[in-house]
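Data first, discussion second: the structure below is written as structure tokens.
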Amino acid sequence: METKPISKETIPFKFHPRLFTALGAELVTNDLVAILELVKNSYDAYASEVIVRIYQETNGQKENQILEIFDDGQGMTRDVIENVWCVIATPYKLENPIQTYQGNKRRVSGEKGLGRLSAARLGSKLTLFTKTINSESWIVEVDWEKLANGTKDDSSDVEIDRFTKEVFPKGHGTLIRITSLHDYWDAEKIEDLRDQLARLISPFSKMDDFTIRLSNSATDEGHSIEITSHLFLSKPPYMIKGNISVDGRLDAIFTSNSESTPNNRIIKETIWEQVDEKSQLPLFDGEQVRLINPTCGPFDFEIRVWDLDVDSILELSNRFNLDRKTIRNEYLLTSKGDR
């Protein structure tokens, strides 16, 4: 008796609209990381300044907190909104790791395409204003709770419209306004945010093309502060700074500012010759290998080192008025967002 072959079928993967809020809660580990992701998006959009605003707005007799991320970056066209911003986990940044704008280049800092989910974690409603220098102004409104409670495919749609109000002094940029916040931002939480934003600022050199500000006002007039890297990061107890030439020569200065072992020492060595000499030693099979000339130079480097013993942590916390646990767990070892 012959059996008829079973014909293959295809069935689609489906997702419930609740995915938007579920991913925001699971993949974005906390509110501070969520804001950092949005600030990174501003950097990737070639903003020279981004302002994080957390302020109170009175609506009748009720006061509501509002969180805004405002930048003067390139902004987005309608096509980018639809085909990049509205695509969750888009590979756009992976495929475009270098952003070029007005002859300058930046390596993008975000890769997951999860900035929208960061906004979903922070609050139930999002309003996005954006404009490029040569396009119309667009406003996008998203109600994350409405999306999460939907059951039909069309419930994943968002509203987009043109707007004419002047929002961007430079004629381009993006403003993300998040309302119906899930958590209250008290003074302690805002101070934690300030510390985390400082981690985005390089302690090694002044960033002339990117500034982060934190504000408690919708207008920023006299209420914003510039975020800088923490002072103690610029004063390590030990530092070695120098360069390696194209032919493998090391030229560096070692500095010790430790109270117990103050010392300065100049280091000049041809380190590639040392590696090359060791390569002439017999290997397991009795053969010798001659290394080719190095191809990684020239480059400059700077290494800063801190002691993590109890006494050193105590000295550091007293000198810079820092919490010892924060120094050990947050600044010198890992960030909250990486745990």
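Here, each number is a calculation from the coordinates, and none is a lab measurement. Fair warning: this is a prediction, and the values are worked out from it, not measured in the lab. Heads up, the Cβs are rebuilt from the backbone with ideal geometry, glycines too, and the neighbour counts pull from every protein chain shown.
For T10, T179, what ranking results if the residue with the fewest other Cβ atoms within 10 Å of its Cβ goes first?
The fewest-first ordering by Cβ neighbours comes to T10, T179.
Taking the mean number of other Cβ atoms within 10 Å as a proxy for protection, how do you rank 130-143, 184-197 from highest to lowest?
Taking the mean over residues of other Cβ atoms within 10 Å, the ranking is 130-143, 184-197.
Could you state, as a whole-number percent, how many of the C-alpha pairs of region 40-109 are farther apart than 18 Å?
52
Order of I160, I244 from fewest to most other C-beta atoms within 10 Å?
Least to most surrounded, the residues fall as I160, I244.
What order, most packed first, do the peptides 233-240, 45-52 have when packing is the mean number of other Cβ atoms within 10 Å of each residue?
For the peptides 233-240, 45-52, the packing ranking is 45-52, 233-240.
Using only alpha carbons, build the gyration tensor for region 19-229 and give me the equivalent ellipsoid semi-axes, biggest first, whole Å.
24, 22, 18
Using the per-residue mean of other Cβ atoms lying within 10 Å as a proxy for protection, in what order, highest first, do the peptides 302-312, 26-36 fall?
Highest mean packing first, the order is 26-36, 302-312.
In terms of the Cα gyration tensor, with a ≥ b ≥ c the square roots of its eigenvalues, is region 169-217 rounded because a/c is under 1.5, prolate because a/b exceeds b/c, or oblate?
Oblate, because a/c is 1.5 or more while a/b does not exceed b/c.
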